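**Student:** What follows is a structure written as structure tokens; I'll ask about it next.
The values are calculated or read from the model by the stated rules, or taken from the named source; none is laboratory data. Small disclaimer: the values here were computed from a predicted structure and weren't measured. When we count neighbours, we look across all protein chains shown, and the Cβ atoms used for this are built from the backbone with ideal geometry, even at glycine. Note: areas computed on protein heavy atoms with side chains; ligands, DNA, RNA excluded. Shrake-Rupley method; radii C 1.70, N 1.55, O 1.52, S 1.80 Å.
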Amino acid sequence: MSLLVVGLSHRSAPVSVLERASLAGDAKAKLLQDTLASEPAAEATVLATCNRIELYADVEKFHAGVAELSTLLAQHSGVGLEELTPYLYVHYEDRAVHHLFSVACGLDSMVVGEGQILGQIKDALALGQELHTAGRLINDLFQQALRVGKRAHSETGIDRAGQSLVTFGLEQLADGAPVAEWAVGKRALVIGAGSMSSLAAATLVRVGVAEVVVANRTAERAERLAGILNQSGGAARAVPMDDVARELTRVDVAISCTGATGLVLTVEDVADALGVPADTAATQAAPGHVPQMRTEPDAGSLELHGAWADNGEAAAQSVRTPKPVGAEGAAVRLALLDLAMPRDIDGAAHRLDGVRLVDIESLADAAADAPMAADVELVRGIVADEVAAFGAAQRAAQITPTVVALRSMAADVVTNEVARLEGRLPGLDAKQRAEITQTVRRVVDKLLHAPTVRVKQLASEPGGAGYADALRELFDLDPQTVAAVSRADAPKDDLNDTTGAESAKRGRA
């Protein structure tokens, strides 16, 4: 196994860089195709969410793999390699496995313990299988990551530490008040009808808002989501995107999560919804205008410095400056939650009087200060155990084709020797020939049993990869025969449903 992951996330890069480096569906497919076309990579898949972009690959050489994968990420993300490099982290072999398992358990999420990442990992595996870029290693790794994530959520209380990004965002909008009390009587606008928007709409209904209005570029999707919300006991209706400006004047809360490449709500749109004159809005939205507001760290002003290490750990130090995110004691006329990457809502809107804006930046800062549950340590123990087990299984699997080839060679020797014996002793009857053949086979099996069992045990231990090479050398096995066994045992591109995650729960992590 030569697993390599190169990526960046909310832990290593500022939101402004993540926003620019986000990958659309077509870009992910092209990235994987180009990765397989590059010399160092034999298989690959990409895990891309609003908070991370990670390229996983099976590579022949570490340094060549890092250079190639980094270059490919830069090319397809649209961020220059020189600018992107300080924010990249690199993990290799067991450390790469440990990283993905931690991600699957929610330990590396913005909101620790959230479970939406499992749906995204499943989607990443499905994409690799659909494009035939996921081979044995990627299939085994991502299937096991899904199982580890499910185990962490079922065997520990990590869910108490984590929650969905939507719920966490609503808590920030509520500013310390119970969300259910804050939501009473409010009307909400949800822009978008994808998985995260669907989750947001369902959460709003659950916490008790009076009405949810769904706007989407595809009217059918908006109507379908509104219908589901009504069936679940909520009050919802669908409107076309052209009606967003009008609906914004009628609601108390707006949540946006679309795949748009530009802004969905400009600062002028928000000002118009509040009835703020253009000249007043321009003054309030200017950088120098600082209303009396509660302050939170501004991730947009982070000065981050990444450092690569041989084992792949990216180091980052940050310097944060205050940023107004909500009025201190003043009435909030419009609460905005932007869960999109790139962002949907102009960040300058937070400077308008009467507006509270929560976006990925402010969520990252708030999550950094959230208390860690004791169950996190239990999950870390699960991850450590699963990484060790996965490594042992992979190392043992690597020697299996060699053992199969050895036994095949031994069977050929037995067949040839029995045939030679029959030529020299033609008078043997069928019973005698069968007894001699069985005896020779038993001798060969007994001679091979102990060394093959022992070599599998040794191969499963750290540093055991060399035993397969030793076995091939000692018995002069044909490398093509071993390779043929490996190809015959290759996995099919079938995605097992190991999570059962509903599409509405596959938000961004």
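**Student:** Could you list all residues from the range 385-406 that are under 18 Å from Asp469 (Cβ atoms) and either open to solvent by 20 Å² or more (accessible area, probe 1.4 Å) or of a type outside the set (Gly, Ala, Ser) (or both)?
**Tutor:** Gln394, Arg395, Ala396, Ala397, Gln398, Ile399, Thr400, Pro401, Thr402, Val403, Val404, Leu406
**Student:** So which residues in the range 253-306 are at pLDDT 90 or above, assigned to a loop (DSSP other than H, G, I, E, B) and surrounded by fewer than 18 Cβ atoms within 10 Å (Cβ to Cβ)?
**Tutor:** Passing the criteria: only Thr266.
**Student:** Moving on to the next point. Starting from residues that are part of a strand (DSSP E or B) and open to solvent by 10 Å² or more (accessible area, probe 1.4 Å), keep the ones in the range 42-79 and report whichever is modelled with the lowest pLDDT.
**Tutor:** Checking each candidate, the answer is Thr49.
**Student:** Turning to a different aspect of this structure: So Val179 passes all but one of these: (1) open to solvent by 10 Å² or more (accessible area, probe 1.4 Å); (2) modelled with pLDDT under 90; (3) of a type in the set (Val, Ile, Thr). Which condition number does it fail?
**Tutor:** Among (1) open to solvent by 10 Å² or more (accessible area, probe 1.4 Å); (2) modelled with pLDDT under 90; (3) of a type in the set (Val, Ile, Thr), the lone unmet condition for Val179 is (2).
**Student:** Given the conditions (1) within 24 Å of Ser12 (Cα to Cα); (2) open to solvent by 10 Å² or more (accessible area, probe 1.4 Å); (3) part of a helix (DSSP H, G or I), which single one is not true for Gly119?
**Tutor:** So the condition that Gly119 fails would be (2).
**Student:** Still on this structure, I have one more. Within the range 208-252, take every residue that is under 24 Å from Leu274 (Cβ atoms) and in a helix (DSSP H, G or I) and give me the one that is most open to solvent (accessible area, probe 1.4 Å).
**Tutor:** The extreme case among them is Asp242.
Matching residues to (1) modelled with pLDDT under 85; (2) exposed (fewer than 11 other Cβ atoms within 10 Å of the Cβ); (3) more than 21 Å from Phe101 (Cβ to Cβ):
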residue	(1), (2), (3)
Ala370	yes, no, yes
Arg424	no, yes, yes
Thr437	no, no, yes
Ala484	yes, no, yes
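**Student:** I'm trying to understand the selection: among the residues of the range 146-165, which are open to solvent by 60 Å² or more (accessible area, probe 1.4 Å) and touching a residue at least 40 places away in the same chain (Cβ under 8 Å)?
**Tutor:** Arg147, Lys150, Arg151, Glu155, Asp159, Arg160
**Student:** Go through (1) farther than 28 Å from Arg246 by Cβ; (2) part of a helix (DSSP H, G or I); (3) open to solvent by 40 Å² or more (accessible area, probe 1.4 Å) and name the single condition Phe168 misses.
**Tutor:** Looking at each condition in turn, Phe168 falls short on (3).
**Student:** Any residue that is touching a strand residue (DSSP E or B) at 6+ places or on another chain (Cβ under 8 Å) and closer than 29 Å to Val270 by Cα - is there at least one of those in the range 121-130?
**Tutor:** no
**Student:** Here are the criteria: (1) closer than 17 Å to Asp359 by Cα; (2) of a type outside the set (Phe, Trp, Tyr); (3) buried (at least 20 other Cβ atoms within 10 Å of the Cβ). Tell me which single one Ala174 does not satisfy.
**Tutor:** (3)
**Student:** Now a separate question. Does Thr498 satisfy being part of a helix (DSSP H, G or I), open to solvent by less than 60 Å² (accessible area, probe 1.4 Å), at negative phi and at pLDDT below 85?
**Tutor:** When the stated conditions are applied, Thr498 does not pass them.
**Student:** Please verify whether the range 105-112 includes one or more residues that are open to solvent by less than 30 Å² (accessible area, probe 1.4 Å), part of a helix (DSSP H, G or I) and in contact (Cβ under 8 Å) with a residue 60 or more places away in the chain.
**Tutor:** No, the conditions are met nowhere in the range 105-112.
**Student:** If you don't mind, another one. Open to solvent by 10 Å² or more (accessible area, probe 1.4 Å) and touching a residue at least 60 places away in the same chain (Cβ under 8 Å): which single residue out of Ser16, Ser9 fits that description?
**Tutor:** Ser16
Conditions tested, residue by residue: (1) assigned to a helix (DSSP H, G or I); (2) among the hydrophobic types (A, V, I, L, M, F, W, C); (3) surrounded by fewer than 14 Cβ atoms within 10 Å (Cβ to Cβ).
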site: Ala419; (1), (2), (3): yes, yes, yes
site: Leu428; (1), (2), (3): no, yes, no
site: Leu447; (1), (2), (3): yes, yes, yes
site: Arg454; (1), (2), (3): yes, no, yes
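**Student:** Mind listing whichever residues of the range 325-346 are modelled with pLDDT under 90, open to solvent by less than 20 Å² (accessible area, probe 1.4 Å) and over 21 Å from the mean Cα position of the chain (by Cα)?
**Tutor:** Residues satisfying the conditions are Val325, Gly326, Ala327.
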